[in-house]
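Read-outs throughout are calculated quantities, based only on the coordinates presented, and are distinct from any laboratory measurement. As the structure is a prediction and not an experimental result, all values here were calculated from the model. As a convention, Cβ positions derive from the backbone with ideal geometry for all residues, glycine included, and neighbour counts pool all protein chains shown.
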Amino acid sequence: MSKLSQRHLLGIKNLTREDIELIFETADNFKDVINRPIKKVPSLRDVTIANVFFENSTRTRLSFELAEKRLSADVVNFSTSTSSVKKGETLLDTVNNILAMKVDMVVMRHASVGAPHFLSKHIKANIINAGDGTHEHPTQALLDTFSIREKLGSVEGKKIAIIGDILHSRVALSNIFALKKLGAEVMVCGPPTLLPKYISSLDVLVEWDVKKALDWCDVANVLRIQLERQQIKYFPSLREYSLYYGINKKILDDLKKDIVLMHPGPINRGVELTSDAADSHHSIILDQVENGVAIRMAVLYLLAGSTN
Amino acid sequence: MQKKLVLDSHLLNITLNRLCQQLIEAHSNFNNTVVVGMQPRGVFLAELIHEKLQKLVKTKIPLGYLDTTFHRDDFRRREIPAKASETKIDFVIEGKNVILIDDVLYTGRTVRAALDAMIAFGRPSKVKLLVLVDRKYTRDLPIAADYVGKYVDTLESQRVLVELEAQGHKQNKIWLVNKDN
C-alpha cells in the first residue's frame, strides 16, 4: 500500500506505523533528489500551498518552503505580524479567505493546541500541522526518527532519551508517539517541574539525573528551554539549569559508549548544550536539518497525491 | 486468465543477442555511451543487456537506474500516489550517448517522464530508446523506440507481462494477458 491513512498530517498520534514507514521510504528518494545537481522535481506543479504561521519560525518555515519549491508547488507565505489577524479576524475566516484564492494545502503553525484539528473539520484543503502550541510537531518527530534510522540503521529496539523541557515541548510529545510506534524505548529526563503530570500515561521511563539518562541511551535528543512559554519560574536560573542539565563534551567523552546527539534547534548554546558538544562528532544536528527538507517533501507528496 | 506466449526463453535469448549486436553496430566501442534502465521493471532488462554487452565488447560500460515517479504527468490523477524507486546514476550524463532501456513501450508517457528526469544529470548528447516489447498503435505521445525486441499487436484490455529470471521467475518468458478475466 503506498497511500497514507490520513488526509491531513495533524499529529503523529493519528498515524500508523505503516504510514511512518511509507513516509521514510519516500523521504529516502527525496533525499537523493535534493543531493543532485538539479534539486527540483515537477511532481506538485499544479498544487498551491499556503504556509500560514501564527507563531514565529525560521527553520520550519524555511524547510517547508524549500520542500514545496523543490516539488515545484506554488507557495504563498503568511505570517500574523503582517496580516489582518491583528485587526481581529478569526482563524476560520483567515483560512477560508486564503482557500477562496484556490489553495490546495495549508501548512499551519499556531500557538493554540488543536488549531489545525479544528480547521481540518471545517475546510477541504489538506492540512499539515507545523506545530500547535505545546501539543504536536509531527514533521519534526518524523525527521528526528528518520535521522536516527539513517544513523543507526533502524529505530526498533533503540534507546532514546529526550532531555530538557518536556512540559512545554511539542517536539517531545510527537517524538514519543513516533518512537513508540516504531518500537524504540523512550526515556524522558528533566527537572521534575518540567515533566508533565500525564507522563506516566505515555509508557516512557522517567529519569531526573541527566548522567544516568546519558549512560542508558543510544541517542540523546536535547530540547531547548522554552522561556517564551513559561509564565512562572520552573527552575531558579538558567545558570543552575545548565549546571545540572547542560551537556558538554566532557560528559559525552566520559560515557562508556558513543552516543548520538540531537537537537531540534534553535540551540541555546551554553544552556542545554555547550558549543564543544553541539559541534562534536556525536552531533547529527545538521543532518536533522537536511533530512527535514526530505521528510517534508515526502509528506507533501503523499498528501497531495491522494486528494482525488 | 487467458495468457498467450509471445516469446519463450529460447527466442528471447536470440532477441536479446540481436539487440546487443545492433547496439554494437551503432555505438562501436562504447567509450562515450552509458546504459540507463528505467525503474522498476526496465532495470532487470538493462542489467541483462549490460552484462551481455560488456562480455561482447570487453570494456566497462556505465550502468544506471532511473526512476520517473516524480516526473510523471498523472500525479493527482491516480487513486494513490505512485511509489518511487531508487534512482542510481553515479556518472554524469552530460555529453554522453544514452541507451534508455525499458521492458514494454505502451503509451510513451513513462519515456517522456524519463527524458524529463534525465536532465537532472546533465544534457545528454543523444538518447536512444530500447524496448523489449513495443505495443503497436497504443501511443499517446509522439515517441518511438530505436531498438525493438518484438512488435506486438495488442488491445487496450490486454497487458504485456514480462517474466525474467532476475525478477524471480523460473524462466524468461513474455506473455500477452487479458486484463478482465
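Here's how it looks for A:Ala111: its modeled amide H is under 5 Å from those of A:Gly133, which are all 5 or more places away or on a different chain. Treating each Cα of the range A:138-284 as an identical point scatterer and summing with the Debye formula, the log10 of I(q)/I(0) at q = 0.09, 0.11, 0.21 Å⁻¹ comes to -0.24, -0.36, -1.46. Scanning chain B for long hydrophobic helices, with DSSP H runs required to stretch 24 angstrom or more by C-alpha along their axis and to average at least 0.0 on the Kyte-Doolittle scale, returns B:9-27. Within a straight-line Cα-Cα reach of under 20 Å, A:Lys197 can be paired with the following lysines, leaving aside sequence neighbours fewer than 8 residues apart in one chain: A:Lys13, A:Lys180, A:Lys233.
Separation of the range B:112-181 and the range A:181-210, taken as the distance between their Cα centroids, equals 55 angstrom. With the helix formula -39500 (n - 2.57) applied to DSSP H stretches of n ≥ 4, chain A reaches a computed 222 nm mean residue ellipticity of -11500 deg cm²/dmol.
With respect to chain A, whose longest principal axis is taken over its alpha-carbon atoms, helix A:170-181 is tilted by about 90°.
Loop-located GluC sites (Glu not before Pro) in the range B:62-169 (DSSP state other than H, G, I, E, B) with a sparse environment of at most 16 neighbouring Cβ atoms within 10 Å: B:Glu79, B:Glu86, B:Glu94, B:Glu156.
A Stokes-Einstein calculation at 37 °C with viscosity 0.692 mPa s, built on the Kirkwood radius of the protein assembly as shown over Cα pairs, returns a diffusion coefficient of 130 µm²/s. For B:Gln21 and A:Glu25, a Förster radius of 35 Å and the Cβ-Cβ distance give a FRET efficiency of 0.35, rounded to the nearest 0.05. For the range B:112-171, the spread of Cα coordinates along the three principal axes comes to 38, 29, 18 Å, biggest extent given first.
FRET efficiency for the A:His281 to A:Lys212 pair, using the beta carbon distance and R₀ = 25 Å, is estimated at 0.60. Considering chain B at the alpha-carbon level, its Rg and Dmax are found to be 16.1, 48 Å. Diffusion coefficient of the range A:223-289 by Stokes-Einstein, Kirkwood radius over Cα pairs, 25 °C, 0.890 mPa s: 192 µm²/s.
Here is the size of the range A:124-164 from its Cα atoms: Rg then Dmax, 13.1, 39 Å.
Each residue, B:Lys55 and A:Thr90, gets one label point 7 Å from its Cα in the Cβ direction; the gap between the two is 7.4 nm. Here the simple spin-label model places points 7 Å from the Cα toward Cβ, and for B:Gln2 and A:Asp258 these points are separated by 6.3 nm. Specify the angular offset, from 0 to 90 degrees and rounded to the nearest 10, of the alpha carbon long axis of helix A:59-70 from the longest principal axis of the alpha carbons in chain A. Here the helix axis deviates by roughly 40 degrees.
To the nearest Å, what is the center-to-center distance of the range A:24-44 and the range A:237-272, using C-alpha atoms only? After rounding, the separation between the Cα centres reads 33 Å. If you run the Gaussian network model on chain A, springs between alpha carbon atoms under 10 Å, then out of A:Asp104, A:Asp46, A:Asp279 the most flexible one is A:Asp46.
Between A:Lys102 and B:Val177, the simple spin-label model (points 7 angstrom out along Cα→Cβ) gives 4.1 nm. Report, for the protein assembly as shown, the % of DSSP beta bridges that are antiparallel, rounded to 5. Percent antiparallel among DSSP bridges in the protein assembly as shown is about 15.
Residues of the range B:89-108 with an amide N closer than 19 Å to a point placed 7 Å from the Cα of B:Asp74 along the Cα-to-Cβ direction: B:102-108.
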